[in-house]
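A.B. asks: Starting off with a structure, shown below.
The values are calculated or read from the model by the stated rules, or taken from the named source; none is laboratory data. A quick note: this is a predicted structure, and the numbers were derived from the prediction, not measured. Using ideal geometry, Cβ is built from the backbone for each residue, glycine included, and neighbour counts are taken over all protein chains shown.
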């Protein structure tokens, strides 16, 4: 091969590697310029606040019933008086999954609404945690053994379906600020019945 063609051939072979190196340097430069947003930091640095268990629901406690689905054969109830925004950004509440026979299954829980995308690969996802179970006979709490955060969006179990309702009430479009806003959004988005006692039309809207 003539010398001039050999030199040209060598240049053609080297060009793609030089191009790749330039892009690599550019990517590294752009990556080094990225600045974490406040939401990014919050996702990465979530610290759970320790709170005492709420008072056990007294006789005559008023429960708010939430709509789940046309096939849901239980009653999903929540105590409005127990709902509050914790310092760590979670919502704390008392839940009552009442059976069709009227048996109360009460629990003290927290719901975490993740900032940003539900499908984000980094940071804490939308999740819930059960701190204690209710003993309706002795009117006391029984602390859960080694309670863990359970991510929403997993298998379509009854627990996942129930907490997905709370996610739709409080996590969509950002979590409301303050106890009053949490209650207001619960009434607007979650009730099985309207405030005047009429059955909600949420089922027909599904």
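A.B. asks: Take the stretch 135-164 and flag every residue that is surrounded by 13 or more Cβ atoms within 10 Å (Cβ to Cβ), in contact (Cβ under 8 Å) with a residue 12 or more places away in the chain and closer than 26 Å to residue 59 by Cα.
C.D. replies: 136, 141, 144, 162, 163
A.B. asks: Right, something else. Residue 36 passes all but one of (1) surrounded by 10 or more Cβ atoms within 10 Å (Cβ to Cβ); (2) modelled with pLDDT of 95 or more; (3) part of a loop (DSSP other than H, G, I, E, B); which number fails?
C.D. replies: (2)
A.B. asks: Next up: Regarding residue 42, is this residue surrounded by 11 or more Cβ atoms within 10 Å (Cβ to Cβ) and either at pLDDT below 60 or out of contact with any helix residue (DSSP H, G or I) (no Cβ under 9 Å at 6 or more places or on another chain) (or both)? Talk me through it step by step, then tell me what you get.
C.D. replies: Numbers: surrounded by 11 or more Cβ atoms within 10 Å (Cβ to Cβ): yes; either at pLDDT below 60 or out of contact with any helix residue (DSSP H, G or I) (no Cβ under 9 Å at 6 or more places or on another chain) (or both): yes.
It is true that residue 42 is surrounded by 11 or more Cβ atoms within 10 Å (Cβ to Cβ) and either at pLDDT below 60 or out of contact with any helix residue (DSSP H, G or I) (no Cβ under 9 Å at 6 or more places or on another chain) (or both).
A.B. asks: Name the helices (runs of 4 or more DSSP H) wholly within the stretch 89-206 that hold at least 3 residues that are closer than 23 Å to residue 54 by Cα, at pLDDT 90 or above and touching a strand residue (DSSP E or B) at 6+ places or on another chain (Cβ under 9 Å)? Break it down stepwise before answering.
C.D. replies: Details: elements: 158-170, 179-189, 202-205.
By residue number, 158-170, 179-189.
A.B. asks: For the stretch 50-88: of the residues being assigned to a strand (DSSP E or B) and in contact with a helix residue (DSSP H, G or I) (Cβ under 8 Å, 6 or more places away or on another chain), which is surrounded by the most Cβ atoms within 10 Å (Cβ to Cβ)? Write out each step before concluding.
C.D. replies: Initial filter on the stretch 50-88 (assigned to a strand (DSSP E or B)): 64-66, 75-78, 84-85.
If we keep only those that are in contact with a helix residue (DSSP H, G or I) (Cβ under 8 Å, 6 or more places away or on another chain) too, we end up with 64, 66, 76, 78, 84-85.
Details: 64: 19, 66: 24, 76: 22, 78: 21, 84: 15, 85: 18.
Once the filter is applied, the top-ranked residue is 66.
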